[in-house]
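> The structure's right below; bear with me while I get my questions together.
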Amino acid sequence: MSQNEFSKGDLRNTGMALKHDREWDYELDRIVEAVHERDATKVGLQFPEGLKRRGPKVTDDLRELLPEDVTVMMSGQPCYGACDLDTYMMRRTDVFVHFGHSPMKESEKIIYVPLFSNVEVLPIIEESLEEIEGEEVGLVTTAQHMNRFEEMREYLEGQGYEVHTRKGDDRLTHEGQVLGCNYASADIDADNVLYVGGGKFHPLGLAMEHPEKNVVIADPVNNVVTIADTEKFMKQRYGAVHRAMDAEKWGVIFCTKIGQGRWDQAEQIVDENDDAYLITMDEVTPDRLRNFDMDAFVNTGCPRITTDDGPQFHKPMLTPGEYEIAVGNEPLDSLEFDTFHGTW
Ligand code: SF4
């Protein structure tokens with residue numbers, strides 16, 4: 001996880017779980033029912049990073065409810081999203097439970113338990129109204145606050161706003177939902193977008209995708225209202241592109257995580273550039289790339305690895321769009337936030 005200043009309150013590690021200790025609803029009944037229905041003997045549990053510490057207690061509770069011959073195991077793999085299912089565990093268990101994210105793709109095999117935040121959202125929305133210009137506003141939030149989406153909409157309507165919402169694309173489960181790699185739900189016909197949630201990168205991506213809109217951030221976790229400002233972030237990205245312009249040898253990363261693979265993009269780069277080398281890996285970390293003798297890397301996996309953790313890699317790490325700029329195929333001003341639109 002990045003330690004740089006951009007990642008404070010980053011929802012990839014569901015930081016809100018740590019700030020607001022609570023009893024989550026792990027929906028154990030649903031899991032027990034599936035075990036009986038499937039005559040299961042192996043149950044696999046996958047938690048996102050911020051909730052892993054709760055794993056043993058959930059396992060204990062399940063063991064008490066399940067027959068003795070059922071083995072309950074936890075995934076030790078890193079997990080940052082519904083794109084990041086432990087497929088090894090999935091294949092070797094009869095019931096596989098993914099906690100903390102809404103489904104990216106429905107499957108009979110997987111039980112998704114979303115774990116919504118219990119944080120009140122209306123006080124910070126009330127404070128954010130000062131920043132909204134005019135009477136029309138688009139409303140978006142992250143999966144963690146989705147349980148309060150209707151409450152948010154009704155409040156805004158009650159204040160006289162015309163609220164615009166939409167469900168982006170297949171990568172998203174809910175109307176108004178955004179991911180760190182997908183802001184399609186904000187493609188609405190309003191000059192303002194109100195983003196309700198924590199983290200800095202979601203609204204930054206949103207602001208870069210929609211530079212013509214006023215993106216207001218109401219963060220109910222840290223209790224602050226801000227306006228998305230992309231300048232500092234853009235400087236960081238232009239810096240990386242400039243440093244990569246002289247690169248001769250490129251490492252092109254294809255991520256093997258089930259919902260992060262962009263094969264066509266990776267393959268195209270390697271097809272067109274004899275000095276580009278395809279590297280396949282699941283977790284993309286600075287340590288794992290250090291021993292490769294490359295001048296720069298292109299990451300076709302999770303866009304947030306490039307933007308959040310980019311500065312920690314020993315060589316410039318670019319998004320596919322930034323690569324095109326660095327090698328001279330696209331102009332400098334075509335720099336955009338990297339987004340991801342498929343499932344798997
Ligand atoms: S690929 Fe998208 S959904 Fe998956 S961890 Fe990255 S930002 Fe989140």
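Just so it is clear, none of the values below were taken in a lab; they were calculated from the coordinates. What you are looking at is a predicted structure, and each value in this text was computed from that prediction instead of being measured. For neighbour counting, all protein chains shown are included, and Cβ atoms are generated from backbone atoms with ideal geometry for every residue, glycine included.
> Sorting check: for 211-217, 76-82, 327-333, which peptide has the highest mean count of neighbouring beta carbons within 10 Å, and how do the rest follow?
Details: 211-217: 18.1, 76-82: 20.1, 327-333: 11.4.
So the peptides 211-217, 76-82, 327-333, ranked by packing, come out 76-82, 211-217, 327-333.
> How big is the antiparallel share of DSSP beta bridges in the chain, given as a percent to the nearest 5? Don't skip to the end; give the middle numbers.
On the way: 5 of 43 bridges.
Taking every DSSP beta bridge within the chain, about 10 percent pair in antiparallel fashion.
> Now for a separate question. What is the sum of charges, Lys and Arg at +1 and Asp and Glu at -1, for the other residues whose Cβ falls under 10 Å from the Cβ of residue 82? All intermediate terms of the calculation are to be shown ahead of the outcome.
Working: positive: 105, 171; negative: 84.
It works out to a net charge of +1.
> Return the Rg/Rh value of the chain, two decimal places, where both radii are evaluated on C-alpha atoms and Rh is the Kirkwood radius.
Values: Rg = 21.0 Å, Rh = 21.3 Å.
Answer for the chain: 0.99.
> Shifting gears a bit: Of all DSSP beta bridges in segment 122-229, what percent run antiparallel (nearest 5)? Before the final figure, lay out each step's value.
Details: 5 of 19 bridges.
About 25 percent, rounded to the nearest 5.
> Let me spell out the model: positive unit charges on the Cβ of Lys and Arg, negative unit charges on the Cβ of Asp and Glu, origin at the Cα centre of segment 145-285. What dipole size does that give, in debye rounded to 20?
Values: 14 positive and 26 negative charges, 105 e Å.
With only Lys, Arg, Asp and Glu charged at Cβ, the dipole is about 500 debye.
> Quick one: 323, 88, fewest Cβ neighbours within 10 Å first, how do they rank?
Listed from fewest to most nearby Cβ atoms, that is 88, 323.
> For the ranges 233-243, 305-315, what's the packing order if you count other beta-carbon atoms within 10 Å of each residue, average per peptide, and put the highest first?
305-315, 233-243
> Top mean-square fluctuation among 320, 103, 123, Gaussian network model of the chain, C-alpha springs under 10 Å?
Highest fluctuation of the listed residues: 123.
> Okay, next question. Taking neighbour Cβ counts within 10 Å as the exposure measure, how do 65, 115, 179 sort from fewest upward? Write down the numbers at each step before the final one.
Working: 65 12, 115 24, 179 27.
Going from sparsest to densest Cβ surroundings: 65, 115, 179.
> For residue 41, enumerate residues with amide H under 5 Å from its amide H, sequence gap 5+ or separate chain, H modeled in the peptide plane.
Result for residue 41 returns 94.
> I've got another one for you. Using R₀ = 22 Å, calculate the FRET efficiency as 1/(1 + (r/R₀)^6) where r is the Cβ-Cβ separation of residue 283 and residue 187; round to 0.05. The partial results should precede the final answer.
On the way: r = 31 Å, r/R0 = 1.42.
According to the calculation, E is roughly 0.10.
> With a 10 Å radius around each residue's Cβ, average the other Cβ atoms per peptide and rank 27-36, 40-49, highest first. If you can, show how the numbers build up before the last one.
On the way: 27-36: 15.8, 40-49: 20.8.
Highest to lowest by the protection proxy: 40-49, 27-36.
> For segment 134-139, in order, what is each residue's ³J(HN,Hα) by Karplus, 6.51 cos²θ - 1.76 cosθ + 1.60 with θ = phi - 60°, in whole Hz (x at glycine and Pro)?
Running phi through 6.51 cos²θ - 1.76 cosθ + 1.60 with θ = phi - 60° gives x, 10, 10, 8, x, 10 Hz.
> Starting from 0.36 nm per residue, how many nanometres of slack lie between residue 153 and residue 64 once their C-alpha separation is accounted for?
28.0 nm
> Given H placed on each backbone N at 1.01 Å, which residues far from residue 278 in sequence or on other chains put an amide H within less than 5 Å of it?
252
> How far apart, in nanometres, would the label points at residue 334 and residue 53 be if each is projected 7 angstrom from Cα along the Cα-to-Cβ direction?
4.6
> Quick check on the chain: helices-only [θ] at 222 nm, where DSSP H runs of length 4 and up contribute -39,500 (n - 2.57) each and the sum goes over total residues. Nearest 500, please. Show your work: numbers first, answer last.
On the way: 12 runs with 100 residues, N = 344.
Helices in the chain give a 222 nm mean residue ellipticity of -8000 deg cm²/dmol.
> Which net charge results when you count Lys and Arg as +1 and Asp and Glu as -1 among the other residues whose beta-carbon is under 13 Å from that of residue 123? Show your work: numbers first, answer last.
Numbers: positive: 148; negative: 120, 126, 127, 151, 219.
So the surrounding residues net to -4.
> For segment 122-229, just say rounded, prolate or oblate: build the C-alpha gyration tensor, square-root its eigenvalues into a ≥ b ≥ c, call rounded for a/c under 1.5, and beyond that prolate if a/b exceeds b/c, oblate if not.
Details: a/c = 1.21, a/b = 1.18, b/c = 1.02.
Rounded, because the longest to shortest axis ratio a/c is under 1.5.
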